[in-house]
1. Starting from residues that are touching a helix residue (DSSP H, G or I) at 6+ places or on another chain (Cβ under 7 Å) and at pLDDT below 90, keep the ones in the stretch 77-101 and report whichever is most open to solvent (accessible area, probe 1.4 Å).
2. I'd like to verify a number: residues in the stretch 164-185 that are in a loop (DSSP other than H, G, I, E, B) and closer than 12 Å to V14 by Cα, how many?
3. For the stretch 163-185, what are the residues that are touching a Lys or Arg at 6+ places or on another chain (Cβ under 8 Å) and open to solvent by 30 Å² or more (accessible area, probe 1.4 Å)?
4. Of everything in the stretch 5-53 that's under 21 Å from A197 (Cα atoms) and assigned to a strand (DSSP E or B), which residue is modelled with the lowest pLDDT?
5. Would you point out which residue out of R246, R264 is at pLDDT 85 or above, under 18 Å from I205 (Cα atoms), open to solvent by 50 Å² or more (accessible area, probe 1.4 Å) and under 23 Å from the mean Cα position of the chain (by Cα)?
6. I want to confirm something. Restricting to the stretch 222-235 and keeping residues that are surrounded by fewer than 19 Cβ atoms within 10 Å (Cβ to Cβ) and aliphatic (A, V, I, L, M), which single residue is nearest to the chain's Cα centre (by Cα)?
7. Being under 24 Å from the mean Cα position of the chain (by Cα) and in contact (Cβ under 8 Å) with a residue 60 or more places away in the chain is true for just one of L131, L196. Which residue is that?
8. Check L160, L213, L139 and return the single one that is buried (at least 17 other Cβ atoms within 10 Å of the Cβ) and either more than 18 Å from the chain's Cα centre (by Cα) or closer than 30 Å to D108 by Cα (or both).
Amino acid sequence: MSDATQTALRCGYVAIVGRPNVGKSTLLNHLLGQKISITSRKPQTTRNQVLGIKTEDDCQIIFVDTPGLHQAEARAINRYMNRAASSAIRDVDVIVMVVDRTAWTDEDEWVLQRVRQAAVPTLLVVNKVDLLENKQVLLPHLQALAEKMPEATIVPLSALRGQNLDALEGEIRQRLPHATHFFPEDQITDRSQRFLAAEMVREKIMRQLGDELPYAVAVEIEEFRQEGAILNISALILVERDGQKRILIGEGGSRLRSIGTDARRDMERLFDSKVMLRLWVKVKSGWSDDERALRSLGYDDR
């Protein structure tokens, strides 16, 4: 590669941050054009840092999807998620802070203080603008945000509808350092297929049972084996109480079958293979407030 070609290359890390449930994971998936991060209507669906890598021409953007930053740190899992999000802010070239329409909460303010401390070029994404019934309220809100964050460039968009994503990407590209690419151009995430499989199962549980079991669930992949044309995946679902196990299994196993069907469909699309998925449920009380249990489940502060 010539010196001139190398100078033209851009590459850098971009943290997507914000309070829970503002649409960070949806934004990442639509920027990549592929599902890497799981989504649901429940806050704190994302628990780990997940890298999404987008390489186009001379530019490689390494997005870091982070758990929602939240003030309450009731359990070890909450403290872990805040550490994961905070460490991402410190080590990136650009921060994309996401807020929800015209809402501005105490938690948004709390996230903003952490973003300011990082002193990194910042883009403020006002997400879900397609859901505003009265579009006239947007302009004064954008002006108020510009006064609050004069150091940030503001980009209104709809991640779900794919509206104005090109503008956001253009702003990111301009701010990336000149550097050779860190990852092969066909790589889209740093996470293993086992991790992605576990997340697919957890997403379906969150979507189907988010009200009954919002945070009491973890998923561990015990088998991930290709046999001919079939990918065999066995997943162990951990809950904290017997009552939760009953809810998750459902009458005659109906709920667990429904979760398995939905997860298998997504896995076959992601892994481009026929999948045989087996699910088990086990009670492990107190796992979400036990640092050692969290590490064994892969919540590893990396």
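1. R90
2. 2
3. R173, P177, H178
4. This residue is V50.
5. R264 is the lone residue from the list that is at pLDDT 85 or above, under 18 Å from I205 (Cα atoms), open to solvent by 50 Å² or more (accessible area, probe 1.4 Å) and under 23 Å from the mean Cα position of the chain (by Cα).
6. I230
7. Result: L196 is the single residue among L131, L196 that is under 24 Å from the mean Cα position of the chain (by Cα) and in contact (Cβ under 8 Å) with a residue 60 or more places away in the chain.
8. Only one candidate passes the filter, namely L213.
The values are calculated or read from the model by the stated rules, or taken from the named source; none is laboratory data. No experiment lies behind these values; they were computed from the predicted model shown. Neighbour counts run over all protein chains shown; Cβ positions are idealised from the backbone, glycine included. Calculation scope for accessible area: heavy atoms of the full protein, side chains included, ligands and nucleic acids excluded. Shrake-Rupley method; radii C 1.70, N 1.55, O 1.52, S 1.80 Å.
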